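Enquirer: This is the structure I want to talk about, given as structure tokens.
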Amino acid sequence: MNVRITTLAENTASWIGLLGEWGLSILVEVDGLRVLLDTGATDTVVHNASSLDVDLSSVDKIVLSHGHYDHTGGLRSVLRAMKGTVQVISHPDIWDVKYALLQGEDKHRYIGIPFKREELEWLGASFAPSREPVWITDSIVTTGEIPLRNDYEQIDPVLQIKSDRGGQRFVGDPLHDDLSLVIKDDGGLIVISGCAHKGIINTIHRAREITGVEKVKAVIGGTHLMNASDERLEWTITELKKLELEHLGVSHCTGFHAASRMAGEFGDIFFSNNAGTQKAL
Ligand SMILES: [Fe+2]
Ligand SMILES: [Fe+2]
């Protein structure tokens, strides 16, 4: 099987002519089928795709890992660049009214999708919402909802939603919409996450459960360890080591501290998956 990733948007950029922004977008190619996981926060994806000679009009499907703006804010410009109808696979709760109450701020900041669904549909998005895993081919599947199964991986409490649409009371965002992309490769699973708000280890367990495959060969993408306690970080590293991965390419909300700890622990298999990273897996 031929699997290749090209990271089109990330917090940092790896080469001249590429832009960095707070967000993530990864183009995943599996035997010629092109799936775009997330779209970054702005039109950076379109700029970087052009710099990398990536033709966005040949993308076959879009998968949204969750409804935060830094993974969906590029949708308008990506859809314009694609010039046609494209299926957009996600959980229905991406449309929840999502906020963050950040440290040092006294007001909730809106961090949900910055577009109306109708506008995106007019631009060519054909939304295919599902709470369950969606098999795109026999070897590419989304995780659907990811159960929380351990004491370490809890959802970041700064992430909140309005308790009802149009309501005024804030409650913790259960992030039912958080999902990842899983490739059933010959040598094991490739797990590609957006933010992994439900926890990267919970995500990996879900990937194994859906596919029936135990061996995990690569973990790529956001791991949301930027605010993690040392205890959670060390536990996560211990669990990842048990997998005997061939590739660990973290991005975005992993945060510098966790990424540098992993770089030290995982040696040659580790890479910073930033904008411009192109890798055969
Ligand atoms: Fe997020
Ligand atoms: Fe994010």
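Laboratory data are not the source of any read-out in this text; all were calculated from the coordinates shown. All of these numbers come straight from a predicted model, not from anything done at the bench. Because the Cβ atoms are built from the backbone with ideal geometry, glycine has one as well, and the counts that use them run over all protein chains shown.
Enquirer: Which one of Leu33, Trp15, Ser77 has its Cα pushed farthest toward the positive end of the charge dipole of region 1-146, where Lys and Arg give +1 and Asp and Glu give -1 at the Cβ?
Expert: Ser77
Enquirer: A 19 angstrom limit on the alpha carbon distance is what I want to check against. Which of Lys107/Lys198; Lys184/Lys215; Lys116/Lys198 exceed it?
Expert: Pairs exceeding the cut-off: Lys107/Lys198; Lys116/Lys198.
Enquirer: Would you please give the residues with an amide H less than 5 Å from that of Gln160, counting only those at least 5 places away or on a separate chain, with H modeled from the backbone geometry?
Expert: Under 5 Å from the amide H of Gln160: Tyr99, Ala100, Leu101, Asp173.
Enquirer: Now for a separate question. Just need log10 I(q)/I(0) for region 178-281 at q = 0.24 Å⁻¹, Debye formula, equal scatterers on the alpha-carbon atoms, no solvent, rounded to two decimals.
Expert: Taking Cα atoms of region 178-281 as identical point scatterers yields -1.50.
Enquirer: Compute the distance in nm between two label points, each set 7 Å from the Cα along the Cα-to-Cβ direction, one at Lys107 and one at Asn150.
Expert: For Lys107 paired with Asn150, the spin-label model returns 3.9 nm.
Enquirer: Using 7 Å Cα-to-Cβ label points, what is the Asp53/Lys215 separation (nm, one decimal)?
Expert: For Asp53 paired with Lys215, the spin-label model returns 3.4 nm.
Enquirer: Further question: If you put +1 on each Lys and Arg Cβ and -1 on each Asp and Glu Cβ, how big is the dipole of the chain around its Cα centre, in Debye rounded to 20?
Expert: The dipole of the chain has a size of about 400 debye.
Enquirer: Could I ask something else about it? Give me the log10 of I(q) over I(0) for the chain at q = 0.10 Å⁻¹, as the Debye formula computes it from C-alpha points; what are the numbers?
Expert: Rounded to two decimals, the profile gives -0.46.
Enquirer: For the charge dipole of region 3-280, defined by +1 on Lys and Arg C-beta atoms and -1 on Asp and Glu C-beta atoms about the Cα centroid, which residue among Thr203, Thr223, Ile161 has the Cα displaced farthest towards the positive pole?
Expert: Ile161
Enquirer: How much FRET efficiency would the formula 1/(1 + (r/R0)^6) give for Arg169 and Ser126, where r is the Cβ-Cβ distance and R0 is 45 Å, rounded to 0.05?
Expert: 0.85
Enquirer: What number comes out for the charge environment of His91, summing +1 per Lys or Arg and -1 per Asp or Glu over other residues with Cβ under 9 Å away?
Expert: -3
Enquirer: Would you work out which of Phe266, Leu64, Ile183 lies farthest towards the positive end of the dipole of the chain? Charges go on Cβ: Lys and Arg +1, Asp and Glu -1.
Expert: It is Leu64.
Enquirer: Quick one: which of Lys98/Lys279; Lys162/Lys241; Lys241/Lys279 span more than 27 angstrom between C-alpha atoms?
Expert: Result: Lys98/Lys279; Lys162/Lys241 exceed 27 Å.
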